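**Q** Handing you this structure, nothing more for now.
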Amino acid sequence: MNTFRLKRGAAADMEAAMPVDSWQNRLQKALGAPLPKKGGDDTRPRVHLIGIGGAGLSAIARVLLERGIHVSGSDRQESERTRRLAAAGAKLFGRQGAAAELAELPDRERPDVVLISSAIDETNPERQTAQRLGIPVVRRELFLPPLLAGRDVIAVSGTHGKSTTTAMIVQTLQANGCDAGYIIGADLPGFGNAHAGTAAEFVIEADEYDRMFHGLTPMVAVVTNVEWDHPDCYPTPSSFVDAFRQFVAQVRAEGCVVSCGDDPGAEALRTGRTTENGPVWLTYGLREGCDVQAAGETAGAGGGYAAAVQSEGELIGRLQLQAPGIHNLRNALAALTVARRCGVPAAQVLASLHQYSGIGRRFELKGTRRGVTVVDDYAHHPTEIQATLAAARNRFGERRIWAVFQPHTFSRTRALLHKIAASFDNADAVLVTDIYAARESGDRAMAAAEIAAASPHPSIRHSGDIEDTSTLLHGEVTAGDVVLTLGAGTSHRIGETLLERLGTDG
């Protein structure tokens with residue numbers, strides 16, 4: 001396969017700039033060395049992850065374990081992710097007393113570095129213990145350079161669609177003989193959320209939160225869209241855009257930027273830029289003038305779109321998707337552009353994308369009981385809510401659709417209140433649960449009630465916590481209804497509980 005190849009530079013320069021005994025240098029060397037023999041190698045680096053069960057850190061832990069790195073970690077609660085990591089060899093500290101366990105480790109077993117999730121602040125006892133012991137404590141932005149040194153990084157950024165686009169690229173490359181490494185913010189059936197890979201390519205979901213993507217120097221950068229989010233990290237829309245400008249500025253000169261030509265925010269990044277001494281810039285989308293364009297798009301019975309695809313005005317084939325929604329057609333065009341750039345023939349890319357059926361928590365069909373269908377989606381931004389509900393209406397037609405939305409963080413809810421409140425047009429009934437506060441604090445019920453009060457929807461109400469909402473739905477849904485749970489927190493539990501109750505009804 002014709003792929004990008006690193007020139008002498010990034011990895012070598014990083015190594016030269018680091019002290020020989022630094023954790024970065026030791027980690028980088030260990031990742032590039034052959035795997036240790038069975039039984040382990042006590043001289044290999046040790047990495048401890050606080051928040052190891054989260055989407056981002058669990059994926060990094062998986063990559064480290066596959067490369068023979070000693071991994072330990074802790075999380076607030078046990079989960080399927082933490083259980084899988086433990087089975088793969090990670091040492092997990094107890095939820096209570098993790099700081100004491102870290103302090104009591106003998107010197108030879110102490111971690112070389114502690115990686116923390118964005119949710120871990122200065123008051124965390126485990127973080128404080130590591131700092132007292134003189135162990136470096138870093139976030140993902142500083143950890144990624146040594147982790148990915150020597151790889152051809154394909155970084156997928158954007159306010160919406162990162163996980164799906166990353167997964168589409170991964171599945172396409174893997175299906176066509178490229179054992180790319182990857183880190184995805186969700187589970188891809190048959191692939192999981194991470195893999196070290198043996199090919200030069202490494203595909204990573206480039207998260208803008210906490211400026212994680214500023215730790216990347218990509219060979220290929222994808223920008224699906226740029227729309228203000230994370231006001232706790234980016235207080236103004238301009239600060240959000242500036243972060244993306246910095247990200248694309250870090251793309252290697254011999255690389256490529258692939259951006260959505262339909263999105264005003266992504267298009268604004270191109271303003272005033274020249275490719276004369278920098279990376280190639282390609283666009284994809286539905287409008288005329290995009291380098292890769294879908295035309296004549298039609299929706300199938302399952303909600304997936306089909307369209308003819310042109311590259312620089314030349315027809316290269318027909319794309320037919322299972323994944324529902326016009327937004328997924330754009331995501332697939334991004335994946336197509338990247339995969340072709342990596343040397344996969346168009347016909348094989350189109351065939352692979354047709355096989356793509358989705359990832360966890362992205363329009364995920366949870367089940368049907370007593371004629372009631374439950375679908376779960378990660379949508380938590382108003383644009384995502386609108387896109388997901390449009391896909392649901394397209395797929396389920398005239399069936400009654402319940403939108404069950406769990407707001408995510410107080411800062412986002414305050415900043416986008418009126419846009420959130422106006423995003424439920426395609427739902428017949430809307431329930432707004434108590435807010436999922438994540439790393440913030442406040443009155444969870446009041447914030448949710450404010451959305452219901454501000455919404456023009458004729459059938460919207462505040463439904464309380466997870467248990468209250470499941471109970472309310474159980475009492476009101478009827479055969480033929482579709483329940484669509486929406487949110488980045490624990491909203492999926494509502495549908496799971498509802499299905500359990502419907503399954504036990506006499």
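The values are calculated or read from the model by the stated rules, or taken from the named source; none is laboratory data. Keep in mind it's a predicted model, so treat the numbers as computed, not measured. Cβ sites come from the backbone with ideal geometry, for glycine too, and all protein chains shown count toward neighbours.
**Q** Provide a single number: the residues in segment 470-493 that are hydrophobic (A, V, I, L, M, F, W, C) and within 13 Å of residue 373 (Cα to Cα).
**A** 6
**Q** Answer with yes or no whether residue 278 is buried (at least 19 other Cβ atoms within 10 Å of the Cβ) and modelled with pLDDT under 95.
**A** When the stated conditions are applied, residue 278 does not pass them.
**Q** Further question: Please give the number of the condition residue 357 fails out of (1) surrounded by 18 or more Cβ atoms within 10 Å (Cβ to Cβ); (2) modelled with pLDDT under 95.
**A** Condition (1) is where residue 357 drops out.
**Q** Taking segment 347-362 on its own, how many of its residues are touching a helix residue (DSSP H, G or I) at 6+ places or on another chain (Cβ under 6 Å) and of a type outside the set (D, E, K, R)?
**A** Within segment 347-362, residues that are touching a helix residue (DSSP H, G or I) at 6+ places or on another chain (Cβ under 6 Å) and of a type outside the set (D, E, K, R) number 5.
**Q** While we're looking at this one, here's another question. Could you tell me whether residue 363 is in contact (Cβ under 8 Å) with a residue 40 or more places away in the chain, of a type in the set (Phe, Trp, Tyr), touching a Pro at 6+ places or on another chain (Cβ under 9 Å) and under 30 Å from residue 500 (Cα atoms)?
**A** yes
**Q** Do we have residue 479 as assigned to a helix (DSSP H, G or I), over 28 Å from residue 210 (Cβ atoms) and in the same structural domain as residue 376 (by TED's automatic domain parsing) here?
**A** No: the conditions fail for residue 479.
**Q** Could you grab me the full set of residues in segment 315-343 that are hydrophobic (A, V, I, L, M, F, W, C) and touching a helix residue (DSSP H, G or I) at 6+ places or on another chain (Cβ under 9 Å)?
**A** Here is the first cut: in segment 315-343, the ones hydrophobic (A, V, I, L, M, F, W, C) are 315-316, 319, 321, 323, 326, 329, 332-336, 338-339, 342.
Selection gives 316, 319, 321, 323, 326, 332, 334, 335, 336, 338, 339, 342.
**Q** Another question, then. Within segment 183-200, how many residues turn out to be closer than 23 Å to residue 347 by Cα and buried (at least 22 other Cβ atoms within 10 Å of the Cβ)?
**A** Counting residues in segment 183-200 that are closer than 23 Å to residue 347 by Cα and buried (at least 22 other Cβ atoms within 10 Å of the Cβ) gives 1.
**Q** Being assigned by TED's automatic domain parsing to the domain that holds residue 408, within 20 Å of residue 416 (Cβ to Cβ) and either touching a Phe, Trp or Tyr at 6+ places or on another chain (Cβ under 9 Å) or aromatic (Phe, Trp, Tyr) (or both), is that true of even one residue in segment 458-471?
**A** Checked against the condition, which is being assigned by TED's automatic domain parsing to the domain that holds residue 408, within 20 Å of residue 416 (Cβ to Cβ) and either touching a Phe, Trp or Tyr at 6+ places or on another chain (Cβ under 9 Å) or aromatic (Phe, Trp, Tyr) (or both), segment 458-471 yields at least one hit.
**Q** Scanning segment 423-438 for residues that are out of contact with any strand residue (DSSP E or B) (no Cβ under 7 Å at 6 or more places or on another chain) and buried (at least 24 other Cβ atoms within 10 Å of the Cβ), which turns out farthest from residue 472 (Cα to Cα)?
**A** Restricting to residues being out of contact with any strand residue (DSSP E or B) (no Cβ under 7 Å at 6 or more places or on another chain) and buried (at least 24 other Cβ atoms within 10 Å of the Cβ), the top hit is 423.
**Q** Can you find even one residue in segment 273-281 that is within 25 Å of residue 382 (Cβ to Cβ), in the same structural domain as residue 294 (by TED's automatic domain parsing) and either touching a residue at least 12 places away in the same chain (Cβ under 8 Å) or not acidic (Asp, Glu) (or both)?
**A** no
**Q** Just to verify a result, which residue in segment 92-104, among those that are crowded, with 16+ Cβ neighbours inside 10 Å and of a type outside the set (Phe, Trp, Tyr), is nearest to the chain's Cα centre (by Cα)?
**A** 92
**Q** A further question follows. Of 159, 164, which residue is assigned to a loop (DSSP other than H, G, I, E, B), β-branched (Val, Ile, Thr) and at pLDDT 95 or above?
**A** When all the criteria are applied, what remains is 159.
**Q** From the residues in segment 208-253 that are in a loop (DSSP other than H, G, I, E, B) and among the aromatic types (Phe, Trp, Tyr), which one is farthest from residue 138 (Cα to Cα)?
**A** Keep residues of segment 208-253 that are in a loop (DSSP other than H, G, I, E, B), which gives 208, 216-219, 224-236, 250-253.
Now narrow it down to the ones that are among the aromatic types (Phe, Trp, Tyr): 228, 234.
Values: 228: 26, 234: 20 Å.
Ranking the qualifying residues of segment 208-253, first place goes to 228.
For (1) touching a Phe, Trp or Tyr at 6+ places or on another chain (Cβ under 9 Å); (2) closer than 17 Å to residue 227 by Cα, each residue gets a yes or a no:
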| position | (1), (2) |
| --- | --- |
| 248 | yes, yes |
| 264 | no, yes |
| 305 | no, no |
| 332 | yes, no |
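**Q** Okay, next question. Out of (1) under 20 Å from residue 364 (Cα atoms); (2) of a type in the set (S, T, N, Q); (3) at pLDDT below 95; (4) not in a helix (DSSP H, G or I), what's the single condition that is false for residue 426?
**A** (3)
**Q** Then there's this: Please pick out the residue among 470, 441 that is among the hydroxyl-bearing types (Ser, Thr, Tyr) and assigned to a loop (DSSP other than H, G, I, E, B).
**A** Answer to the check: 441.
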